[in-house]
Amino acid sequence: HKVSVDPITILTKLKHECATPAPLLQQVADAMCAQMRAGLAADGGSGLPMIPTYVHDLPTGNEKGLFYALDLGGTNFRVLRVQLGGKDERVIATEFEQVSIPQNLMFGTSEELFDFIALRLAKFAAKEDGRFHFSAGRKREIGFTFSFPVKQTSIDSGILIKWTKGFAVSGTTGKDVVACLNEAMKRQGLNMRVSALVNDTVGTLAGAEYYDNDVMVAVILGTGTNACYVEQINAIPKLQGYASSSGKMIISTEWGAFSNGLPLTEFDREMDAASINPGEQIFEKTISGMYLGEIVRRVLQKMVEMGGLFGKSVSQKLSIPFILGTPDICAMQQDNSGDLQAIGSLLYDKAGIESNLSERKTVLEVCDTIVKRGGNLAGAGVVGILQKMEENSEGLIFGNRIVVAIDGGLYENYPQYRAYLQDSVKELLGTEKSNSVVIDHTKDGSGIGAALLAASNSMYK
Ligand code: ADP
């Protein structure tokens, strides 16, 4: 290797470019707020998608009876049933099953995919035990969590805009996915009804709010990212004339598409250019789990090529995209040993790299730089949402207790990321305001949330 730029110089430049001082974070929060406003004003403009969900009412706690949820958002789908007992008894019993979607169905026809789902749902529904009580003469109702881009026009219908996440099913795009499921259930002789169609953020918000009425924002930080929140109907010009009894609606921000004023580097630009959706989902590519490890890999790769990092220990493996996952950089950051032995082993196991202590320290600093930027920016996004909510409620947000429920494998498993997110929220809001904002981790609430929304939108209410 010919050393032309030493690793420390690359690291210094990286830290400089990734820095997230308070003024920058405040600009990001302000821009998020402005983009939300623009997205609420009109579709297809410069703002965020800000998708109306037609969910007006969050669970009250009074929901009673047996409800189902079906969650399709990736290569697995989950079916769940819950027996709700109202204010005092709450969730009496719950049971779920996870089924992986056979590869061929991801490339088959719409009928084949929905028939498979309806069949597995029918099998699951046939096995209700004594803890679950169903009122005879009724249809079993389902909350359907469908985490693909959908254009909704009511709580129980939505047109698929496009498949994502590796699905290439023919014949669904442009159709109502609830109708697709209903038809498949009919073909399977299954007498159930979809009462609510939601995405996973909305399910998470409903599930968390059931246990804590102050939850008004939900954020997913997993492989990808999204956030939703409770908006005032009169602050949604693009729904002019639409009436809701509560005067509110949950809006799915689709904030992964945000891109204003982010501190980006050559590594981000190159990763974006090589991605399946160049120029899109820039916020997601800066803060979510799918990408943090890959950004670190790209920095290390440059340090190897330009700066002779890892000296004689050349590794071809490090040039393989996504060979370092976010769980790997997370594991490295948990290494508290003096000689950073765990980092050494991980680099060796993953990429065949032999490293010395000072090199491991550099690796650790690269991880921390990328994760700090990600967590801080996610926090600024949260503050942007809170600012937007405050605009329409004249002091009702700050000053009252408000809970932001966060779910997803990244937030759940990465302590440093979590801390950086919370740091930036505190820093931007200041002590007084941030005292009333609770950032709460919530786990797997989305399934129960969907079932609760099926209950609150029940045809038997
Ligand atoms: P998904 O978002 O795919 O529906 P999850 O919410 O479980 O599912 O998130 C999975 C993502 O969480 C992974 O892609 C990874 O980026 C991140 N993740 C999982 N485990 C860890 C970990 N131990 N440390 C850091 N990140 C993790």
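Considering the chain at the alpha-carbon level, its Rg and Dmax are found to be 23.4, 78 Å.
The count of lysine pairs in region 54-198 whose Cα atoms are under 12 Å apart, excluding pairs fewer than 8 places apart on the same chain, comes to 4. Overall, region 74-144 carries a charge dipole of about 220 debye about its Cα centre when +1 sits on the Cβ of Lys and Arg and -1 on the Cβ of Asp and Glu, all other atoms neutral.
Using θ = phi - 60° in the Karplus curve 6.51 cos²θ - 1.76 cosθ + 1.60, the 3J(HN,Hα) couplings for region 323-339 round to 5, 9, x, 4, x, 5, 5, 5, 4, 5, 6, 8, 6, 9, 6, x, 9 Hz; x is entered for Gly and Pro. Peptides 366-375, 324-333 ranked from most to least packed by the mean count of surrounding Cβ atoms within 10 Å: 366-375, 324-333. Using 1/(1 + (r/R0)^6) with R0 = 56 angstrom and r between the beta carbons of Lys317 and Arg90, what's the FRET efficiency to the nearest 0.05? Efficiency at R0 = 56 Å is approximately 0.65. In region 54-198, the C-alpha radius of gyration followed by the widest Cα-Cα span (Dmax) gives 15.3, 46 angstrom. Applying the criteria of a DSSP loop state and at most 15 other Cβ atoms within 10 Å to the chymotrypsin sites (Phe, Trp or Tyr not before Pro) of region 309-353 yields Phe322. Comparing Gly174, Phe398, Ala31 along the charge dipole axis of the chain, the residue lying farthest to the positive side is Gly174, per the Cβ-charge model.
Given in Å, the Rg to one decimal and the Dmax to the nearest whole number for the Cα atoms of region 225-295 are 16.4, 49.
Simple point charges give the picture: +1 on the Cβ of Lys and Arg, -1 on the Cβ of Asp and Glu, and for the chain a dipole about the Cα centre of about 740 debye.
Just how many % of Cα pairs in region 376-433 lie over 13 Å apart, if you round to the nearest whole percent? List each step's numbers first, then the result.
Working: 1051 of 1653 pairs.
More than 13 Å apart: 64 percent of the Cα pairs in region 376-433.
On full extension, the segment bounded by Ser244 and Leu364 gains 38.1 nm, given 0.36 nm per residue less the C-alpha separation. Sequentially through region 230-246, phi angles give Karplus couplings (6.51, -1.76, 1.60; θ = phi - 60°) of 8, 10, 7, 4, 6, 9, 10, x, 6, 10, 3, x, 7, 10, 9, 4, 7 Hz, Gly and Pro residues having no value and appearing as x.
How big is the gap, in Å, between the Cα center of region 198-274 and the Cα center of region 118-149? If we compute the Cα centre of each part, the gap is 28 Å. Each of the peptides 81-91, 246-256 was scored by the mean count of other Cβ atoms within 10 Å over its residues; in descending order, highest first, they stand as 246-256, 81-91.
What order, most packed first, do the peptides 429-437, 182-190 have when packing is the mean number of other Cβ atoms within 10 Å of each residue?
So the peptides 429-437, 182-190, ranked by packing, come out 182-190, 429-437.
Just so you know, all these numbers are worked out from the coordinates, no wet-lab data involved. Note that the coordinates shown come from a computational prediction; the quantities given were computed from them, not determined experimentally. No Cβ is skipped: glycine too gets one built from the backbone with ideal geometry, and neighbour counts run over all protein chains shown.
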